[in-house]
Amino acid sequence: MAKQPKTEYPPSAEYLKRAHIDSYEKYKKAYDRSIKDPEGFWGELADELDWYSKGWDKVFHWDKKECRFTWFKGGKLNVSYNCLDRHVKNGLKNTAALIFEADEPDQSRTYTYAQLLYEVQRFANVLKSKGVKRGDRVAVYLPMIPELAICLLACARIGAIHSVVFSGFSTDSLYNRVVDCGARVLVTSDGGFRGGRHIDIKGKVNEMLERETDVETVIVVKRTGTDIVMEEDRDVWWDDEMAKASPVCPCEEMDAEDTLFLLYTSGSTGKPKGVVHTQAGYLLGAMLTFRHAFDYRPGDIYWCTADIGWITGHSYILYGPLAEGATTLMFEGVPNYPDNGRMWEIVEKWKVDVFYTAPTAIRMMRKTGDEWILKHDLTSLKVLGSVGEPIDPDVWRWYYEVVGGGRCPISDTYWQTETGSHIILPLPGAYPQKPGSAMKPFFGIEPTLINEDGSPTKTGEQGRLVLKKPWPSCARTVWNDHQMYRQTYWEVYPGYYFTGDGARMDEDGDIWITGRVDDVISVAGHRIGAAEVEAALISHKSVAEAAVVPIPDEIKGEAIYTFVTLKQGFEESEELVKELITHVRKEVGPIATPKTIQVVDELPKTRSGKIVRRILRKIAGGGDGKDLDTSALVDPNVIGALVKGRK
Ligand code: WTA
């Protein structure tokens, strides 16, 4: 049973002054109610949003058989109104909503709530002038610049569904996502800046649009001023269109259950899934978890280092903070430009109160050396956050001591693209923290650990993490593929949402996430489907078969190790391996770059021809092949050669 944990990291008396929930009893009372009476609990919290009408019959409705559920259906609201207009009306018009810290240190820009609203209304009118209507999809392929935030809020304002593609994805990944969602308008830029270098964006868009898509209009932000090809009748400049647009655009009244956005994410299949999030439940989840994970207080400067191309940026750079009326900082650049102290220079310059990043970045900073941190005054920091992968206790302690100066609790927030907002996290003021544990469920979340066969695990044993019942910000479906949604999330262990992660629960009821149990690899906290990389490799003329597994990596958490067999007429060579790596980068994107490619004669297979990845994982990870269960293999003799040829 859940208990108050005892550790050496309790919140300080000073910290408790800012905590929204400052005792375990308060957390427990609210949590218990959220489980016993979810409708009453969330029904009351819905008042935290501004509604045109709260016309719902039922707060929550769940059709278990169809795996469909709704929250606040019939209620009408607008997300952009909740993120902007209401704050402008309530005294925040002159407060910074968005601080943009550019790649070059001296080029920051700040938007107050009133300014951001002005830009959003204009761009909403631009979208309308291009024929975008409620329910239409708008594809967005932009680097981390303010126009990205403006564009998403403008979509929300007119009820269009945005689908952001991370600007680091390749032409092919962009193409698949744009085609799947049927977007007719694409918003992009000429290029981007990262670490003082130009990043090509429009070139990739042009290449993608050589193929058949529904895209009729491309709106291009001028960021770098590089010479690019603009296609007449299709491509227009953001600035030209904005200059013509009226700054008044009324909000569409959206149903709580209308789709707000799609975001594609990787799973066990070769095809990324368009995860569908809706309006009210998503926004409420993002806003409340933002408030509680970081104990946000008015006047704080909050910085999440993620890219808006991922869910963390959607929920915790944009929607959560802005719904809460916070000041959110967005950073275009990288941690080591112009030097290794860049992150800390930003914290010092803006007097950042809340800093939220990923373990992979923390490991990198630790490796770079404490001197870069100690050079800067970081005393403004009050809370730290971690997201995307398990944080090792040692790394946690370093983050706590060196970055946080031993003052700042760490919110190790566990969640997923599909969960919309944090689901398991330590509430920083409510109880002491355990380095490396995501600790306790947020309101409305009932985590359970089960064995592969569905039986409950014992205390301390690793199991599969499943959740009872849907919560407000849970994804509703997969775009154009409800069947895939059912099979992936609700039918693996009937009656439960399956996270795809392994975890264990200790004697205090605290949860320790151990990582994915499916074929998803987490490179620097980014989800990459093994099947996607395999599909990319197989599309190369030389490759007959490919099997992709994760191996531990000191900085990135996991790296990609691939085994390939070659078609007849091809031979292993350094050039070929290089070519295959380049091919994967081009097909999927640089985030999926294989660390190692081992060319083999044969892969371990079952009698039915299935590649046994479990064995390959062990071999890639350094096993000698002696303790492997090879009983399922057609030919156990392949193991020796695999071990011998390991790179
Ligand atoms: C992993 C990112 C351990 C997990 C928000 C999950 C974590 C996947 C944590 C989702 C954490 C995320 N501790 N593991 N605090 N946060 N994960 O969809 O494996 O990009 O399933 O969402 O990241 O990745 P996604």
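The values are calculated or read from the model by the stated rules, or taken from the named source; none is laboratory data. This one's a predicted model, so the numbers in the text were calculated from it and none came from an experiment. For neighbour counting, all protein chains shown are included, and Cβ atoms are generated from backbone atoms with ideal geometry for every residue, glycine included. Ligands, DNA and RNA are excluded from the accessible area calculation, which covers all protein heavy atoms including side chains. Shrake-Rupley method; radii C 1.70, N 1.55, O 1.52, S 1.80 Å.
Observations
- According to the Kirkwood relation over distinct C-alpha pairs, the hydrodynamic radius of region 524-644 is 14.7 Å.
- Here the spin labels are modelled as points 7 Å beyond Cα on the Cα-Cβ line, and at LYS26 and LYS468 they lie 2.7 nm apart.
- Global dimensions of region 231-352 from alpha-carbon coordinates: Rg and Dmax equal 18.1, 50 Å.
- Percent antiparallel among DSSP beta bridges (both partners in region 524-644, rounded to 5): 75
- Peptide packing: for 281-287, 587-593, 29-35, the average count of neighbouring Cβ atoms within 10 Å per residue gives the ranking 281-287, 587-593, 29-35, highest mean first.
- Charge dipole (Cα centre; +1 on Lys/Arg Cβ, -1 on Asp/Glu Cβ; no other charges) of the chain amounts to roughly 1120 debye.
- Unsatisfied cross-links (Cα-Cα over 32 Å) in the set LYS351/LYS556; LYS204/LYS375; LYS29/LYS367: LYS204/LYS375; LYS29/LYS367
- Heavy-atom accessible area per residue - region 524-644, 1.4 Å, Å²: 49
- Translational D in µm²/s for region 371-493 (Stokes-Einstein at 37 °C, 0.692 mPa s, Kirkwood Rh from C-alpha pairs): 197
- The label point for TYR52 and the one for LYS351, both projected 7 Å from the Cα toward the Cβ, are 4.1 nm apart.
- The share of C-alpha pairs in region 246-302 whose separation exceeds 15 Å stands at 68 percent.
- Descending by average beta-carbon neighbour count within 10 Å, the peptides 167-178, 317-328, 484-495 line up as 317-328, 167-178, 484-495, the highest first.
- Protection-proxy order for peptides 383-391, 54-62, each taking the mean of Cβ atoms within 10 Å per residue, highest first: 383-391, 54-62
- Computed from the alpha carbon atoms alone, the convex hull of the chain holds 160 Å³ per residue.
- Sulfur and carbon atoms: percent of accessible area, the chain [1.4 Å]: 49
- Greater than 23 Å apart at Cα, pairs in LYS541/LYS578; LYS222/LYS273; LYS605/LYS626; LYS26/LYS440; LYS440/LYS468: LYS222/LYS273
- Structural descriptor for region 200-329: relative contact order 15 percent, calculated from alpha carbon pairs under 8 angstrom and at least 6 residues apart.
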